[in-house]
Amino acid sequence: MSEYVRLERTGPIAVVTLAKPDRRNAQTPAMWRELAGVGRSLPGDVRAVVLRGEGSSFSAGLDRRLFPGGGGVPGEADLAGLAEMDDAERDAAISLFQEAFTWWRRPDLVSIAAVQGHAVGAGFQLALACDVRVCAEDVQFSMAETTLGLVPDLAGTKPLVDLVGYARAFEICATGRRVGAAEALALGLANSVVPPEDLDKAAHETAEALIRAPRDAVVETKALLLGATSRHYDAQRAAEREAQGRRLKDLLGRGE
């Protein structure tokens, strides 16, 4: 698709590949724009998206050329440029960046991150953006932003807290330490761990398993689960009843 992102498709499953292995798939605003564009342009009959990184690492995070003294990336705002914007302009810029990380949670899609090697900072947040993470045995997650004087701002804090709880999420972010495959599996960051050579096959098999059920039932179930953490118990029960009513009407041919 471009020098940053490659999109391929087999039937109802699309594969999005971060395609800058020479920089360990370090991320730039250009990559984020292309990822957001993929989300906007996916055909309606795509049911699952596998996100992977080419080469030895899933993504080493924000391209270090964007940090002060890094030399910059032509045509892109670096951290100094963001700091110099007024508050509204900076908020709008970061909101656009976040679009690359938010569409993976759409109820009409199932998203699977196939994660190997380093998934650092923005790379960790991109993996967290997906519904499921299939990880290689060499995976190393790290949320490095806080140790660099920043905060994770690419929509990764909520899924991290939802997965591991506040105390563990805070410890992971504040220390910036690495979380390997065994711990990621124990914490729920990884749904499964496989040898690196089996990663792509395992991610594809996971995608196939997740879309085996009827599409509308998967869509309704994902929406229910995504909303569960923000609803109180009785509201969630009501949401279940409403969703089941729609499914029953559809199955019996009595939908609107």
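We did not get these values from a lab; they are worked out from the coordinates using the rules stated. All values derive from a computational prediction rather than experimental measurement. Neighbour counts run over all protein chains shown; Cβ positions are idealised from the backbone, glycine included.
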Dipole of the stretch 1-135, positive end: most advanced residue of Gly121, Ile13, Phe97 [Cβ charges, Cα centre]: Ile13
Any idea what log10 I(q)/I(0) is at q = 0.09 Å⁻¹ for the chain, Debye with uniform C-alpha scatterers and no solvent? -0.42
Compactness of the stretch 118-256 as Cα Rg over 2.2 N^0.38 Å, two decimals: 1.25
For the stretch 52-170, using Cα atoms only, the Rg and Dmax in Å read 14.9, 44
P(r) for the stretch 1-83, please, calculated from all Cα pair distances in 10 Å bins and given in %. 17, 44, 28, 9, 1
Taking a temperature of 4 °C and a viscosity of 1.567 mPa s, what whole-number D in µm²/s does Stokes-Einstein yield for the stretch 194-256 with Rh from Kirkwood over alpha carbon pairs? 94
